[in-house]
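Colleague: Below you will find the structure I want to go over with you.
The values are calculated or read from the model by the stated rules, or taken from the named source; none is laboratory data. Nothing here was measured: the structure is a model prediction, and the numbers come from that model. Please note: Cβ atoms are built from the backbone with ideal geometry, for glycine as well, and neighbour counts cover all protein chains shown. Heavy atoms of the whole protein, side chains included, go into the accessibility calculation; ligands, DNA and RNA do not. Shrake-Rupley method; radii C 1.70, N 1.55, O 1.52, S 1.80 Å.
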Amino acid sequence: MDMWLLAWVINAGKSQHNEDQACCEVVFVERRPSPRGRLSSREGAGELDRGRKGFYFHYWALFDGHAGSGAAVMASERLHMHICEQLRDLVDILQDPSPPPICLPHDTRTGPADPNRVSLTEDDGEVPNNAVPRFHLEKVVSHESLVIGAIENAFKHMDDQIERERAAQHLAGGCCALAAIYLMGKFYVANAGDSRAIIIRNGEIIPMSREFTPETERQRLQFLALLRPELLGKEFTHLEFPRRIQPKELGKKMLYRDQSMNGWAYKKIEEDDLKFPLIYGEGKKARMMATIGVTRGLGDHDLKVFSSNIHIKPFLSCFPEVRVYDLTQYEHCPDDVLVLGTDGLWDVTNDKEVAGVVMEVLTSYEPNDPCRYTMVAQELVVRSRGVLKERGWRLANDKLGSGDDISVFVIPLGGPGNYT
């Protein structure tokens, strides 16, 4: 597959410094050597790349930096390597149609077995046939879930690396991360932040991610604050109120909700309720600890509440949500695409509008013209940026255009250059 036919990232170019970063790679995952120094005889591992055993995956990712581009730059250079490393132990397992083993054989590289290990039976022999096992049920784990776990762990290792190297590498700020991995007939879309991915198939819109903001993760954040109130630094309350409470309202009843509630109820206002809410505002103006508008991503290890020593990182998660799309289950045409975009696109353009632009541009080009996908990405950026007028950048409907960096990938799912 020629990657230049399939992946495009275009920045709006409105600001002097672009904090968005992108990466597009074809990565070979090589199986780790056998513990005994010889290749495993297990069937199914493909011999690729001059006899090396392994498989390829295709990778696209967008990183939307904030408070500096350092974390986004490092993540764009390293995240796919961490994914590759996590997949290396799975090369044989993923290519074997039988269910994954619950427990892998003992690795002789780690030395002799632990002498204190508890035996299954008193003499470490076989379990008698008439014995009733205490744990007789085994959860069925799919190959798909192993890939999801590998991606999740890769994000964690990436975040750990940013933490270790932030001082030496001068890694300022943090970043949202959105990655699409094509592996063995399936797309795995991993999102940590407020970027977004959608599939447009035969005119239908299929969401492949959701945004992680103080509003969408309110209950997780409130529950953590309830369990660990010391993280609030005596400055915040974990409860949410429709607005700030005034001291003169002490003793009155006001609407509130806590970590267990989706609806609202009334409570008597107490002294602690006068503290600033952990989550305040709504929509794009919602902030956690009056500081940050996203709740998942990479980096931000040094981020603190303004003029305080309260760290925000404990409330931020580096783990993505991973959604899977099986490309083999559907017939795809050249107009079916996966769109990845940073929030600069989605702040001013909804899913339906994006789908409309995709169909409009694609139908104006021949199906075998690879430039058609480039033009879709370019048109999405241009329309979201708007046109510079006397009253600033304006969209076609005269509303304000996006003031953020805008980056877009448009990846065809069928037709020329498909993945089959």
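Colleague: Residue-wise, which Karplus ³J(HN,Hα) couplings in Hz belong to segment 277-282, taking 6.51 cos²θ - 1.76 cosθ + 1.60, θ = phi - 60°, and x for glycine or proline?
Modeller: Taking θ as phi minus 60°, the curve returns x, 4, 10, 9, x, 9 Hz for segment 277-282.
Colleague: In angstroms, what radius of gyration and Dmax does segment 312-420 have, counting Cα atoms only?
Modeller: 16.5, 51
Colleague: May I ask you to give the percent of accessible area on segment 283-365 that is carbon plus sulfur, with a probe radius of 1.4 Å?
Modeller: 51 percent
Colleague: Follow-up question, since we're still on this one. Anything over 31 Å Cα to Cα? Flag those among 186/285; 248/285; 53/186, in the order listed.
Modeller: From 186/285; 248/285; 53/186, over 31 Å: 186/285.
Colleague: Using a 1.4 angstrom probe, figure out how much accessible area segment 194-329 has per residue, in square angstrom, rounded to the nearest whole.
Modeller: With the other protein chains kept in place, segment 194-329 gives 52 Å² per residue.
Colleague: At a Förster radius of 41 Å, what calculated FRET efficiency corresponds to the Cβ-Cβ distance of residue 168 and residue 266, to the nearest 0.05?
Modeller: That gives a FRET efficiency of 0.20.
Colleague: For segment 53-69, just list the computed ³J(HN,Hα) in residue order, Karplus coefficients 6.51, -1.76 and 1.60, θ = phi - 60°, integers in Hz, with x standing in for Gly and Pro.
Modeller: So the J values, rounded to whole Hz, are 8, x, 8, 9, 10, 9, 9, 10, 8, 10, 10, 9, x, 9, 6, x, 9.
Colleague: Write down the Å³ per residue value for the convex hull defined by the alpha carbon atoms of segment 166-320.
Modeller: 154 Å³
Colleague: Starting from the Cα-Cα distance between residue 206 and residue 350, subtract it from 0.36 nm times their residue separation and give me the gain in nm to one decimal.
Modeller: 50.5 nm
Colleague: Take the residue pairs 234/313; 284/352; 284/313; 284/304; 253/275; 139/313 and return only those whose Cα atoms are more than 28 Å apart.
Modeller: 139/313
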